[in-house]
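Right, one structure below, let's go through it.
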Amino acid sequence: MAIQRTFVMIKPDGVKRKLIGEIVGRIERKGLRIVAMKMVKIDKTIANKLYEEHLGKSFFNELVEYITSGPVLCMVIEGDEAVKVMRTLIGATDPKDALPGTIRGDLALSKGENVIHASDAEEKAKREMALFFSTNEIIE
Ligand code: IDP
């Protein structure tokens with residue numbers, strides 16, 4: 001077993017559409033553990049850090065506007081191969097390509113507003129967790 005932690009965030013559209021219970025339920029039912037959770041209103045500085053790999057892309061400003069538009073629910077999720085498992089659970093970036101049964105496949109339609117974020121690699125997960133949580137906020 002390779003127990004990992006990953007960073008997961010329900011984006012502003014997911015919170016506004018009252019999908020927190022639905023999404024958290026899917027993560028719990030999969031068998032993953034929530035080891036940290038908090039509501040955050042992301043500011044532009046954190047948004048720029050979270051999405052620095054997209055700086056300069058055509059959708060960057062739209063992405064920062066969107067992610068700072070309302071509260072998000074941040075979580076640290078733990079479990080066997082949690083990074084890969086969460087990416088499978090959320091589905092493809094563009095919900096039109098995301099398979100039915102995935103979170104984006106079932107609950108979203110827009111590539112911009114796609115309800116959920118999950119880190120796509122273990123190194124990214126560590127960096128993203130550190131943006132939102134101090135180590136003493138994560139349950140051992
Ligand atoms: P991911 O969220 O599946 O890891 P990334 O390619 O890292 O996908 O993109 C980060 C976020 O940027 C996406 O989840 C989405 O909200 C937004 N995004 C990506 N591509 C586009 C686009 O072509 N138009 C608008 N927004 C986009």
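The values are calculated or read from the model by the stated rules, or taken from the named source; none is laboratory data. The structure presented is a predicted model; accordingly, all values stated were derived computationally and were not measured. Positions of Cβ are backbone-derived with ideal geometry, glycine not excepted, and every protein chain shown enters the neighbour counts. Just so you know, the surface numbers come from the protein's heavy atoms only, side chains and all, with ligands and any DNA or RNA stripped out. Shrake-Rupley method; radii C 1.70, N 1.55, O 1.52, S 1.80 Å.
Assorted remarks:
- Using a Förster distance of 35 Å, the FRET efficiency for Lys18-Lys126 (Cβ separation, nearest 0.05): 0.70
- Label positions at Lys96 and Met39, each projected 7 Å from the Cα along the C-beta direction, are separated by 3.3 nm.
- Distances between placed amide hydrogens fall under 5 Å for Thr102 paired with no residue 5 or more residues away or on another chain.
- Rounded to the nearest whole Hz, the Karplus-based 3J(HN,Hα) values (6.51 cos²θ - 1.76 cosθ + 1.60, θ = phi - 60°) of the stretch 40-56 follow the sequence 9, 9, 6, 9, 5, 5, 5, 4, 4, 6, 4, 10, 4, 5, 9, 3, x, with x at glycine and proline.
- Karplus-derived HN-Hα couplings along the stretch 108-116 (A = 6.51, B = -1.76, C = 1.60, θ = phi - 60°), whole Hz, x at Gly and Pro: 9, 9, 9, 5, x, 9, 10, 6, 8
- Highest-fluctuation residue, Thr93, Thr102, Thr45 considered, GNM on the chain with Cα pairs under 10 Å: Thr45
- Highest-first arrangement of 116-123, 74-81, where packing means the average Cβ count within 10 Å: 74-81, 116-123
- Karplus-based coupling profile of the stretch 93-107, in residue order and whole Hz: 3, 8, x, 6, 9, 6, 6, x, x, 8, 4, 5, x, 8, 10, with θ = phi - 60° in 6.51 cos²θ - 1.76 cosθ + 1.60 and x standing for Gly or Pro.
- Protein accessible area in the stretch 64-140, 1.4 Å probe - carbon and sulfur %: 55
- Pairs of Lys residues in the chain are counted when their Cα atoms are under 14 angstrom apart and they lie 8 or more places apart or on different chains; the count is 9.
- Dipole of the chain computed with +1 at Lys/Arg Cβ and -1 at Asp/Glu Cβ about the Cα centre; of Val64, Phe7, Leu109, farthest Cα towards the positive end is Leu109.
- Sequence-distant residues sharing a close amide H with Ile116 (under 5 Å, placed H): Lys11
- Lys, Arg +1 and Asp, Glu -1 on Cβ, resulting dipole of the chain about Cα centre, debye, nearest 20: 280
- Dividing the mean sequence gap of close Cα pairs (under 8 Å, 6+ apart) by how many residues the chain holds gives a relative contact order of 37 percent.
- Two-decimal Rg/Rh across the chain, once Rg and the Kirkwood Rh are taken from alpha-carbon atoms: 0.93
- Rounded to 5, the percent of DSSP beta bridges in the stretch 3-134 classed as antiparallel: 95
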